[in-house]
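Enquirer: First, the structure itself, so that you have it in front of you.
The values are calculated or read from the model by the stated rules, or taken from the named source; none is laboratory data. Please read these numbers as outputs of a predicted model, since none were measured by experiment. FYI the Cβ positions are ideal-geometry reconstructions off the backbone, even for glycines, and counts take in every protein chain you see. Just so you know, the surface numbers come from the protein's heavy atoms only, side chains and all, with ligands and any DNA or RNA stripped out. Shrake-Rupley method; radii C 1.70, N 1.55, O 1.52, S 1.80 Å.
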Amino acid sequence: MAENEIEIRGLRKSFGENEVLRGIDLDVARGEVVCVIGPSGSGKSTLLRCVNLLEEPSAGRIFVGGTEVTDLDVDIDAVRRRIGMVFQQFNLFPHVTVTENLTLPQRRVLKRGRAGAASVARENLERVGLADKAGAYPAQLSGGQQQRVAIARALAMNPEVMLFDEPTSALDPELVGEVLAVMRMLAAEGMTMMVVTHEMSFAREVADRVVFMDEGAIVEQGPAEQVVGSPRHERTRNFLNRILDPAAAEDPGSTAAGNGHASSGSGKESGSGSGRETG
Amino acid sequence: MTSRLTRRQRRRVSQGIQYAVFVAAVVLIAALADWDRLQNQFAQKDLASELFPDIITIALRNTVVYTLSGFAFGLVLGMVVALMRLSSVAPYRWVASVYIELFRGLPALLIFIFVGVAVPLAFPGTEIPGGVYGKVALGLGLVAAAYMAETIRAGIQAVPKGQMEAARSLGFSHARAMVSVIIPQAFRIVIPPLTNELVLLFKDSSLVLFLGVTLSERELTKFGRDLASQTANSTPILVAGLCYLLVTIPLSLVVRRLEARTEKAR
């Protein structure tokens, strides 16, 4: 039990009539990097948002660091402090500077002093390579820079787990690499990470485990080479074919997918630092 | 090719007609109005100069004080009503909705009479603190709060949902996220409409005259009317009107600037 940072048991979530999650069981070990992949509408973002209770589960239990998140008597704000979250749309606070984006939560939530918060902010901006943007406003930064600030903001709270909800999906292609590089660094440092992503090359290279979801359920999971490299399920193969080589999509009924993995993901290779190996 | 007009000709005819109507109207008014009598009644230079400095130091000053105190009270109350309107507790929402509909639906004049008559009647012996100033702040504030509550609510709802989610995921409580993250952004959005509300209040402050004020408490409209009846001449009214414009026109220009800036920031 103590081994697992996140434990999800029998998680169900419905929006009205629409059942988005149909019974999810998933563990994430401490220091593990789990990538969740799947077609849009498969429920992967909802799954992630249930972990820190941005969505209220309809049924099931979720534990983070041994504390039951879904327990009505638990202090959810205290649990969330231990979980960092990075959004597709960055969600930086536009009315304050980059530094204040990092210091405001530290001071208001963790009650850190002005000087302490500022030095933690500086440290984390350096980690993501944006120390020189400390005084800028979010609107003055590129998308990639904004996302790196968002990661730094989450890190400044010293989280035990980081959740990434399609962190590169809103970025121009040439800016994806810089964000993935920061995430790669975090993984190498041993951060527990749950990443919803379409970046197959990233999943392949960094993830300890890849989880493929479809229609609100986990279809298959395992090491990246297996799930992305040689998927066992036809639905996984179809999905990977579509995402790795969008131009080749033929009539949807066709299942000539035996060589899907042969495309080797090079079509989506991210630019900078992609040669780096991580353990 | 029949006798139909070309596009160029048609435009010329249309513009020609519009200008002709305009010029005719101006000439008609200028010719028919009795300018001498108007000038006699409204623009007596010596009468106008006698109004100074009192019209500025007492009347305009009071108008500004009444407006600002009403605005301050209205802003606080409007903020509270806006938050009640967005509350998850249903009775708060009902009370807020009733308040907004009630005070937006009644003439400000009735509310002033209510404050001046009903409140002392209902709570005998109690005085609204600040005398007339307190009553004006209450009367203007009650009206302004209803409008401002709706404006502020719209501003809060205009802040993207992701801002609250980001704050909550960092461990902010709902209330703290509101205060530190949402409301500061909402205020940026509502500054132009709130400034507009200030212009409206500035004019509504003239309703003070229904509360009964002493000489030193008179504002522009009351001051102008009193002097007009004393001198049997309407010049003070004209001067008072110009004093209003002295404030409202610059404020309107500021609003336009602010709106243009918000537009650009998007």
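Enquirer: Do me a favour and compute the ellipsoid semi-axes for the stretch B:50-265 from its Cα gyration tensor, root of five times each eigenvalue, largest one first, whole Å.
Expert: 37, 22, 12
Enquirer: Check each residue of the stretch A:156-181 and keep those whose accessible area, probe 1.4 Å, is at least 40 Å² smaller with all protein chains in place than in the chain alone; give them in order of residue number.
Expert: Residues passing the criterion (a loss of at least 40 Å², heavy atoms only) do not exist in the stretch A:156-181.
Enquirer: Roughly how big is chain A's charge dipole about its Cα centre, with Cβ charges of +1 (Lys, Arg) and -1 (Asp, Glu), in debye to the nearest 20?
Expert: Dipole size: approximately 860 debye.
Enquirer: What FRET efficiency do you get for A:Glu234 and B:Glu259 if R0 is 60 Å and r is their Cβ-Cβ distance, rounded to the nearest 0.05?
Expert: 0.60
Enquirer: Same structure again: Mind counting lysine pairs for me in the protein assembly as shown? Cα separation below 24 Å, and the two need to be 8 or more apart along the chain or on different chains.
Expert: Taking the Cα cut-off of 24 Å, the pair count is 10.
Enquirer: Any idea which of B:Leu68, B:Ile55, A:Ser42 is furthest toward the positive side of the dipole for the protein assembly as shown, if Lys and Arg beta-carbons carry +1 and Asp and Glu beta-carbons -1?
Expert: It is B:Ile55, whose Cα lies furthest towards the positive end.
Enquirer: Tell me, what is the percent relative contact order of the stretch B:50-265, built from C-alpha pairs under 8 Å that lie six or more residues apart? Provide the component values of the computation, followed by the final result.
Expert: Numbers: 240 pairs, mean separation 62.1, N = 216.
Relative contact order comes out at 29 percent.
Enquirer: Just to be sure I understand: with springs between alpha-carbon atoms less than 10 Å apart, which residue in B:Arg225, B:Arg256, B:Arg85 has the highest mean-square fluctuation in the Gaussian network model of chain B?
Expert: B:Arg256
Enquirer: Going by a ≥ b ≥ c, the root eigenvalues of the Cα gyration tensor, does the stretch A:1-47 fall in the rounded group (a/c under 1.5), the prolate group (a/b larger than b/c) or the oblate group?
Expert: oblate
Enquirer: Could you give each residue of the stretch A:222-232 its phi-based ³J(HN,Hα) in whole Hz, using Karplus coefficients 6.51, -1.76, 1.60 with θ = phi - 60°, and x for Gly or Pro?
Expert: x, x, 4, 4, 6, 5, 7, x, 9, x, 8
Enquirer: Cα convex hull of the protein assembly as shown: how many Å³ per residue?
Expert: Cα-based convex hull of the protein assembly as shown, divided per residue, equals 280 Å³.
Enquirer: How much mean residue ellipticity at 222 nm does chain A get from its helices, if each DSSP H run of length 4 or more adds -39500 (n - 2.57) and you divide by all residues, to the nearest 500 deg cm²/dmol? Don't jump to the answer; show the numbers that get you there.
Expert: Details: 8 runs with 87 residues, N = 279.
One gets -9500 deg cm²/dmol as the mean residue ellipticity at 222 nm.
Enquirer: Moving on. Scan the stretch A:8-109 for GluC sites (Glu not before Pro) in coil per DSSP, keeping those whose Cβ has at most 14 other Cβ atoms within 10 Å, and list them by number.
Expert: A:Glu17
Enquirer: Probe radius 1.4 Å, ligands and nucleic acids ignored: give me the carbon and sulfur share of the accessible area of chain B as a rounded percent.
Expert: C and S fraction of accessible area: 65 percent.
Enquirer: Roughly speaking, what is the centre-to-centre gap between the stretch B:218-266 and the stretch B:37-101 when only Cα atoms are used, to the nearest Å?
Expert: Computed from Cα coordinates, the inter-centre distance equals 12 Å.
Enquirer: Would you list the membrane-span-like helices of chain B, meaning whole DSSP H runs whose alpha-carbon atoms span at least 24 Å along their axis and whose mean Kyte-Doolittle value is at least 0.5?
Expert: B:7-32, B:61-85, B:131-158, B:183-204, B:235-265
Enquirer: Wrap a convex hull around the Cα atoms of the stretch A:94-158, take a quarter of its surface area, and give that in square nanometres.
Expert: 3.8 nm²
Enquirer: Once a ≥ b ≥ c are taken as the square roots of the eigenvalues of the Cα gyration tensor of the stretch B:1-44, is the result rounded (a/c under 1.5), prolate (a/b larger than b/c) or oblate (a/b not larger than b/c)?
Expert: Details: a/c = 11.10, a/b = 5.16, b/c = 2.15.
Prolate shape, in that a/c is at least 1.5 and a/b is the bigger ratio.
Enquirer: What are the ³J(HN,Hα) values, in whole Hz, obtained from phi via the Karplus relation 6.51 cos²θ - 1.76 cosθ + 1.60 with θ = phi - 60°, for each residue of the stretch B:50-59 in sequence order, with x given for Gly and Pro?
Expert: Residue by residue, the stretch B:50-59 yields 5, 5, 8, x, 4, 5, 8, 6, 9, 5 Hz.
Enquirer: A further question follows. Only Cα pairs within less than 10 Å get springs; with that Gaussian network setup on chain B, which residue of B:Gly70, B:Gly155, B:Gly105 has the largest fluctuation?
Expert: Of the options given, B:Gly105 has the highest mean-square fluctuation.
Enquirer: Over chain A, with a Gaussian network built from C-alpha contacts below 10 Å, which listed residue (A:Gly23, A:Gly144, A:Gly135) shows the highest mean-square fluctuation?
Expert: Among A:Gly23, A:Gly144, A:Gly135, the largest GNM mean-square fluctuation belongs to A:Gly135.
Enquirer: Tell me the relative contact order for the stretch A:94-158 as a rounded percent, counting alpha carbon contacts under 8 Å between residues six or more apart.
Expert: Relative contact order for the stretch A:94-158 comes out at 46 percent.
Enquirer: Accessible area lost on pairing B with A, both sides, 1.4 Å probe, Å² to nearest 100? If you can, show how the numbers build up before the last one.
Expert: Working: alone 16630 and 12590 Å², together 27530 Å².
The buried area between B and A, both sides summed, comes to about 1700 Å².
Enquirer: Related question: If exposed trypsin sites (Lys or Arg not before Pro) are those in a DSSP loop with at most 12 other Cβ within 10 Å, what is the longest stretch of chain A that has none?
Expert: That gives A:112-231 as the longest site-free run.
Enquirer: Hey, if you drop one equal point scatterer on each alpha-carbon of the stretch B:111-218 and run the Debye formula without solvent, what base-10 log of I(q)/I(0) do you get at q = 0.17, 0.19, 0.22, 0.23 Å⁻¹?
Expert: Values, matching the q order: -0.83, -0.92, -1.08, -1.14.
Enquirer: Given a cut-off of under 8 Å on Cα pairs at least six residues apart, what relative contact order in percent is computed for chain A?
Expert: Contact order relative to length: 23 percent.
Enquirer: Moving on. Give the accessible surface of the protein assembly as shown per residue, rounded to a whole number of Å², with probe radius 1.4 Å and ligands, DNA and RNA excluded. Each step should come with its number before you reach the end.
Expert: Numbers: 27530 Å² over 545 residues.
In whole numbers, the protein assembly as shown has 51 Å² accessible per residue.
Enquirer: Also, I was wondering about something else. Short version: what are the Cα gyration tensor semi-axes of chain A, square root of 5 times each eigenvalue, largest first, in whole Å?
Expert: In descending order the semi-axes read 31, 24, 16 Å.
Enquirer: Mind listing the long-range amide H neighbours of A:Met157? Cut-off is under 5 Å, sequence gap 5 or more, other chains count too, H placed in the peptide plane at 1.01 Å from N.
Expert: Close amide H contacts, sequence-distant or interchain: none at all.
Enquirer: Further question on the same structure: If ligands, DNA and RNA are left out, what is the accessible area of A:His95 with a 1.4 Å probe, given in Å² to the nearest 10?
Expert: 20 Å²
Enquirer: Further question on the same structure: Nearest 0.05, what FRET efficiency do B:Arg176 and A:Thr67 give at R0 = 25 Å with Cβ-Cβ as r?
Expert: Numbers: r = 21 Å, r/R0 = 0.84.
After rounding to 0.05, the efficiency reads 0.75.
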